[in-house]
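Written below as structure tokens is the structure these notes are about.
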Amino acid sequence: MDKLIAGQVVTYHGNPFEIPAEEAVQVLTDAAILIRDGHVVSIGGRDHMRAKHQEAAFFDHGPALIVPGFIDAHAHYPQTAMIASWGKRLIDWLNTYTFPEEAKFADPAYARDIAGRYLDLLLANGTTTVTSFCTIHPGSVDALFEAAEDRGMRIVAGKTCMDRDTAPAFLRDTAKAAYDESKALIGRWHEKGRATYAITPRFSPTSTPAQLDALGKLWDEYPSCLMQTHLSEQLDEIEWVKGLYPEARDYLDTYEQFGLVREGALFGHAIHLEPREIAHLKAMDCSLIHCPTSNTFIGSGLFDMGARKGEGLRVGLATDTGGGSSFSMLRTMAAAYEIGQLSHTAIHPAQLLWLATYGSAEALHMQDKIGCIAPGMEADFAVIDLASTPAIAQRAIRAETIWEEVFPTIMMGDDRAIVASYVMGERAAV
Ligand code: GUN
Ligand code: ZN
């Protein structure tokens with residue numbers, strides 16, 4: 001049966017980093033979206049659409065804002081239970097908190113429990129697509145893909161590969177196991193329904209050159225997969241990489257040598273880049289994934305959004321759960337704004353919304369399926385109450401423009417602002 005979902009609908013008409021943000025991103029008041037078979041058919045005025053499609057089931061969200069479902073372009077679902085762990089920086093944070101927690105995913109029942117809980121948290125926060133690392137255990141990958149399939153969610157994930165003695169022995173595979181297990185998982189999950197497989201070396205410090213080489217060869221065999229990893233997150237990490245790969249020109253080169261720098265590569269963080277790295281990332285049309293709550297929480301540094309968008313790079317937005325301190329893409333947009341301010345770039349609320357949806361979709365090469373509300377797109381939406389708390393409501397009521405009304409929810413909103421999440425046109429149970 002057709003469905004009409006009504007509210008204030010956000011639509012995109014260009015790139016808000018290339019044309020004025022308020023031209024690129026528009027809000028249609030009193031609008032309705034017609035949905036058939038999980039896809040958007042058309043968008044129009046509420047009354048007109050209702051009169052024209054009387055047979056459709058009607059769901060009215062009143063003045064709430066209907067945006068494309070948020071797309072979290074980099075997360076670690078196995079870190080759900082240790083989010084907000086105190087007092088460490090990247091390398092000792094990994095050793096103290098992360099690796100012991102990830103070891104628990106050897107138990108498939110534990111992995112299934114966290115995977116389901118994690119995706120429900122995402123839906124409660126308006127996030128309908130996530131790109132996640134798993135652990136070295138293939139069962140952790142099956143658990144996440146299965147949980148996403150149960151919920152009808154679009155998902156990108158892969159087995160985290162780490163075989164170097166810099167990682168603890170209880171959390172290491174080998175170059176061959178990484179290749180064989182990733183290949184078997186690609187066969188099971190890649191392009192099955194809404195699933196995409198991402199070949200996933202954790203980062204060059206925890207892989208041997210032999211493992212990176214094996215994963216580069218695997219990508220040659222399955223070029224429609226994505227590849228996700230980390231790049232230049234902290235200065236200590238970059239020094240560590242120099243010691244481990246003395247022959248490499250820079251951090252990016254440790255991936256480049258093994259065929260891992262090409263279109264479809266997603267580099268988490270990418271804060272402290274050399275000019276050569278920026279030029280090569282651009283030339284190869286790679287995606288940078290900005291993780292602002294993580295960058296402040298772990299003390300990593302300031303991603304220069306203004307410069308990277310000015311250079312025309314693909315940039316997605318992400319929580320980096322659990323280095324990031326929130327599951328909420330609203331909170332993530334607020335942190336991106338704050339980091340922008342520290343680099344003298346005031347990111348417009350329309351740009352923030354676009355980054356959390358279309359920007360992430362572009363980073364994942366999925367902008368023809370998700371990330372905007374337009375005919376033919378998959379009907380994944382978040383419905384947002386712009387007055388979800390007394391503090392936000394008293395500010396929003398004074399707003400003279402829609403963006404002045406939206407901005408307090410971006411800065412102060414959380415899961416209480418999410419009225420509903422729709423996945424392929426179905427309202428998610430959260
Ligand atoms: N670099 C390598 N692994 C990780 C991780 O799990 N989180 C973050 N923030 N950075 C990483
Ligand atoms: Zn990460």
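Readers should treat all values here as calculations from the given coordinates under stated rules, not as data from a laboratory. Worth saying up front: this structure is predicted, and the values here are computed from it rather than measured. Cβ atoms come from the backbone with ideal geometry, glycine included; neighbour counts cover every protein chain shown.
So here's what we get for this one:
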quantity: Rg followed by Dmax, in Å, when the range 1-109 is reduced to its Cα trace; calculated: 21.8, 61
quantity: Out-of-range pairs (alpha-carbon distance over 20 Å; input 242/282; 159/183; 159/192; 159/369; 159/217); calculated: 242/282; 159/369
quantity: Sparsely packed trypsin sites (Lys or Arg not before Pro) within the range 1-92, loop by DSSP, other Cβ within 10 Å at most 16; calculated: 88, 89
quantity: Only Lys, Arg (+1) and Asp, Glu (-1) charged, at Cβ; the chain dipole about Cα centre in debye; calculated: 400 debye
quantity: In the range 357-430, the trypsin sites (Lys or Arg not before Pro) that fall in loop regions by DSSP, at most 12 other Cβ within 10 Å; calculated: 398
quantity: Size-normalised alpha-carbon gyration radius of the chain, reference 2.2 N^0.38 Å; calculated: 0.95
quantity: Per-peptide average of other Cβ atoms within 10 Å, ordering 239-246, 200-207 highest first; calculated: 200-207, 239-246
quantity: Within the range 113-196, GluC sites (Glu not before Pro) in DSSP loop having at most 14 other beta-carbon neighbours inside 10 Å; calculated: 191
quantity: Ratio Rg/Rh [Cα only; Rh per Kirkwood] for the range 283-430; calculated: 0.96
quantity: Bins of 5 Å, starting at 0 and running to the largest distance - Cα pair percent for the range 79-216; calculated: 2, 11, 20, 22, 21, 15, 8, 2, 0
quantity: Backbone HN-Hα couplings from phi across the range 415-425 [Karplus 6.51/-1.76/1.60, Hz, Gly and Pro as x]; calculated: 5, 5, 7, 8, 6, 7, 10, 10, 10, 6, x
quantity: Environment charge at residue 295 (Cβ cut-off 10 Å; Lys +1, Arg +1, Asp -1, Glu -1); calculated: -2
quantity: Calculated from backbone phi, Karplus (6.51, -1.76, 1.60) coupling profile of the range 223-232 in Hz, x at Gly/Pro; calculated: x, 7, 6, 8, 9, 10, 7, 10, 8, 6
quantity: Between the range 169-208 and the range 403-430, the Cα center-to-center distance that results, in Å; calculated: 33 Å
quantity: Euclidean distance between Cα centres, the range 310-376 to the range 29-98, Å; calculated: 13 Å
quantity: Distance cut-off 14 Å, percentage of C-alpha pairs in the range 279-345 lying past it; calculated: 56 percent
quantity: Estimated vicinal HN-Hα couplings, Hz - the range 275-289 in sequence order (Karplus 6.51, -1.76, 1.60; Gly, Pro = x); calculated: x, 5, 5, 4, 4, 6, 4, 5, 4, 8, 6, 7, 10, 9, 10
quantity: nm² value of the averaged projected area, convex hull over the Cα atoms of the range 380-430; calculated: 3.7 nm²
quantity: Spatially proximal aspartates and glutamates relative to residue 52 (Cα-Cα < 13 Å; intrachain offsets below 8 disregarded); calculated: 2
